[in-house]
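The structure appears right after this line, and notes come after that.
The values are calculated or read from the model by the stated rules, or taken from the named source; none is laboratory data. Computed from a predicted structure; not experimentally measured. Glycine gets a Cβ as well: all are built from the backbone with ideal geometry, and neighbour counts include every protein chain shown. All accessible areas refer to the heavy atoms of the entire protein, side chains included, with ligands and DNA or RNA removed. Shrake-Rupley method; radii C 1.70, N 1.55, O 1.52, S 1.80 Å.
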Amino acid sequence: MSVVPVSYYLVLSAILFGLGVVAFVFKRNIITIFMAIELMLNAVNLAFVAFARAWNQLDGLVFVFFVIVVAAAEAAVGLAIVMTIVHNRQTLNVERVDLLKL
Amino acid sequence: MTLPFLLFFAFALIAVLGAVLLILAREPIHSALSLILVMVALAVLYLLLGAEFVAAVQIIVYAGAVMVLFVFVIMLLNAGVEERTNWSKIAAWAGTPLAFFLLLEIGHFMAHSKAGEMIGTGTGAGVGASGAAFSTTELSKLLFTSYLFPFEATSILILIAILGAMILAKKEE
């Protein structure tokens, strides 16, 4: 049984990360921007697992585990911040959240 | 074309398609659903790489818990179609070439780096040598010995995250 080369996974990871950056830049909705960050984290996770397979080291999987935990914590706090923003400013558009702008 | 290749290309296509849909969707709920599609496709790819534990965690924590949280907040805030402003056009004009260059740079790096070559040709030490799955037992041993301190630190992190979310979401009297 032939195995898919690890470089294929790395290319897919790069494409997904690039699409995450595109979504991060294009999207104006604060929740969708959060989702773009999650997409980038997922792409990095794929690269970690691919490298773990390439060198047959389990450490990469441990890193994925930690990334997932931190992403979950980040999502919880981030969405709470989104709730607060919507409560205070009645908008989800990031351009309307400009209190710190000159 | 063997089965692993077919599975890889099928689910890689699904993942990329989901990511593109995330960008094109105008409603946040559609973006959220396409992101779930990406995550499930990635879980299948993890299985293909032999990382069973990570695949399970991906489904349970990411596609399950985190995305349910996202969908819940979208529903709660009744988020509709996003507004278009002048700035969003500027962002699109500036962002497209930037994203393109980023992809080009990553592609260039991977095509020319030593590591990429070694992995690409599959001649490096142990590179994709075995299609055998990673041992979850070994993974947990590693997690509770070498990585014990970071592991305990994450529990503090989650505790702080819970407290932060509660304080932020609290209704003011």
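Exactly one residue out of B:PHE70, B:PHE101 is within 21 Å of A:ALA71 (Cβ to Cβ) and part of a helix (DSSP H, G or I): that is B:PHE70. Report yes if A:ALA50 is closer than 29 Å to B:ALA10 by Cβ and either open to solvent by less than 30 Å² (accessible area, probe 1.4 Å) or in contact (Cβ under 8 Å) with a residue 12 or more places away in the chain (or both), otherwise no. Spelling it out, A:ALA50 is indeed closer than 29 Å to B:ALA10 by Cβ and either open to solvent by less than 30 Å² (accessible area, probe 1.4 Å) or in contact (Cβ under 8 Å) with a residue 12 or more places away in the chain (or both). For A:VAL94, state whether it is more than 22 Å from B:LEU45 (Cα to Cα) and modelled with pLDDT of 90 or more. In short, no. Quick one: which of B:THR123, B:THR85 is at pLDDT below 75 and facing chain A (nearest Cβ under 9 Å)? From the options B:THR123, B:THR85, the qualifying one is B:THR85. Here is the figure for the stretch B:36-53: residues that are open to solvent by 10 Å² or more (accessible area, probe 1.4 Å) and either in contact (Cβ under 8 Å) with a residue 12 or more places away in the chain or within 9 Å of another protein chain (Cβ to nearest Cβ) (or both) total 7.
State all residues of the stretch A:83-95 that are in contact with a helix residue (DSSP H, G or I) (Cβ under 6 Å, 6 or more places away or on another chain) and over 15 Å from B:LEU168 (Cβ atoms); if no residue qualifies, say none. Scanning the stretch A:83-95 gives A:LEU92, A:VAL94, A:GLU95.
The conditions of being within 9 Å of chain A (Cβ to nearest Cβ), over 20 Å from A:ALA14 (Cβ atoms) and of a type in the set (A, V, I, L, M, F, W, C) are met by B:VAL66.
The set of residues in the stretch A:53-93 being more than 8 Å from chain B (Cβ to nearest Cβ), closer than 14 Å to B:ILE74 by Cα, part of a helix (DSSP H, G or I) and open to solvent by 10 Å² or more (accessible area, probe 1.4 Å) consists of A:ILE85, A:HIS87. If you filter the stretch B:1-35 down to residues that are crowded, with 19+ Cβ neighbours inside 10 Å and either outside any helix (DSSP H, G or I) or more than 7 Å from chain A (Cβ to nearest Cβ) (or both), you find that the one that is modelled with the lowest pLDDT is B:ALA25. Counting the residues of the stretch A:18-33 that are surrounded by fewer than 22 Cβ atoms within 10 Å (Cβ to Cβ) and part of a helix (DSSP H, G or I) gives 5.
When residues in the stretch B:88-98 are screened for being modelled with pLDDT of 75 or more and either within 30 Å of A:GLN90 (Cα to Cα) or at the interface with chain A (Cβ under 9 Å from one of its Cβ atoms) (or both), 5 of them pass.
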